[in-house]
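Everything on this sheet refers to the single structure shown next.
Just so you know, all these numbers are worked out from the coordinates, no wet-lab data involved. On a predicted model such as this, the values are computed, not experimentally measured, just so you know. Here the Cβ positions follow ideal geometry from the backbone for every residue, glycine too, while neighbour counts run over all protein chains shown.
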């Protein structure tokens, strides 16, 4: 059966005798997957059956074996006879108790998935039901091949107008943001005036001197803000001291990179007179201007009518309105039989795709950039141009131009804690701030945020703190300062626990320059994790934290150095040889019983010798774990962090009983 090419990019659905055994049964939220002629309400294939189907050329089973190869880290140690005991299971996934939108494909052993489902995200997306219109299944709209089309922009204008005029929650959120921006004097110094549709020039406008004190900025300057990847900074057109006057008189649109041109086109199309673009609105070679404008950036994104996210563009030259090749996105399309009941006859086909039909399962270039997390979370309204979808997200609704609409929240974070819009729920804020458990939740939220943020990259490691400065400021404001001082990405109230970050993968041979202070996660590029932190009192006492900030007027920005003074117990550790990997060490001579797990911060080779363990959280009991830092003494008597360790409580108890080498010390870590 031929399918409309415009829906599936010209792909012809695959169907064969092997995959035709997989049948969809039922309707709506009651759909399930069975296997033809088996009488079973689930569809499971033995390893041998799946392998034979793959050998016979079935595309669906070939893809499943490709996914199994991607799981070799989990299966490579399995003997051949155990590998052949695997089975392949197909099942439906429901969303909010309504229609299913994808099939889950899982390799199992003894009817248990060999990896957790979230790590084994092998899915087939439902595109369409053909041949039976009475099932009640509502298919997703086809993916939109042209995000720059007039039809797309008619949709976008409709979304924008509804949000700006008919969403009370969104209107109120903007009013609150603008009042905070005005109160904090965070109005942008400049905006780009986009001019009329079809115009060949734009103008850089000085905003601050032109604002009358009695004029409402929300009436005078309504603007969009662009969130994008620069790529090579030399590819971008930048405002410099030497061209500032020229840009005030006009900038030729055709001379700007594609991403910036297209952002201006979008602003014009949705009726906004101004747009804020960092490369143009901050004088890039003027350190004083940067010092004034960079702390405003999050407020600028928060105050925008809409943040335009050029998610699909890897650089400013690439643009984000280019046509999409639907066949590449869907990859392979399948046709599986549909039966209203197990005992009934076939009444149509479900069409499924190998590739996802929403952007939630796609890591776009913008999702890998450190600065854009803050830019997106701050936005009241976000218009995201992805590789599969254009998506409008606001406090009231979420709209898409095609595909399905399953959406996660911004980075799965409690954005209200970070964007400054926290509203009191079951507990009032005073109750939250006085409750140890609730405060622990706030601390957990920050640690979880740092874990997610550090998976992103930055052109300059020194930007790691400025890129989340506004989120830290909002977190501080929401918690009424109860978290204490902000110490290079860690909070004073929870400082001991927040020191317990570790690098799951050190620099892997890549040369890195470690910033100061060594105890802060911001000292190194790359992702960090926190261990499970039990509620026991810390073994260290924080005495003082002295920070040298690059900008003394911006408490949430970068730091030049930091000295952390603590009272702690130091246990000597003699290190014979550096392993170059995170590893377990045996505290005794018996090599069969590893007892200490060390995560090194880097794979830089240090000279063997004496190191120190500084316990931060003692074990709650002998079967739980003691957690702390590995330190080395510097020539000036201060200490430097080298890594993180865990060891069982019984080992610490045994070590303490010998009372050898343990010293209560006041030390300074730099």
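The table below lists the values:
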quantity	calculated
In nm, spacing of pseudo-spin labels at residue 32 and residue 233 (7 Å Cα→C-beta vector)	6.0 nm
Point-to-point label distance, residue 451-residue 505, nm (Cα→Cβ direction, 7 Å offset)	1.7 nm
Label point distance in nm, residue 477-residue 206, each placed 7 Å from Cα along Cα→Cβ	2.8 nm
Residues of region 247-269 with amide N under 11 Å of a point placed 7 Å along Cα→Cβ from residue 151	none
Förster radius 60 Å - calculated FRET efficiency between residue 552 and residue 322 (Cβ-Cβ, nearest 0.05)	0.85
Modelled FRET efficiency - R0 22 Å, residue 55 with residue 89, Cβ distances, 0.05 increments	0.65
Sites residue 441 and residue 82 - FRET efficiency at Förster radius 45 Å, r taken between beta-carbons, to 0.05	0.60
Computed lengthening from residue 70 to residue 16, 0.36 nm per intervening residue step minus Cα-Cα distance	17.0 nm
Contour excess over end-to-end distance, with Cα ends at residue 222 and residue 113 and 0.36 nm allotted per residue	34.0 nm
Gain on full stretching of the segment that runs from residue 636 to residue 169 - 0.36 nm per residue minus C-alpha separation	162.4 nm
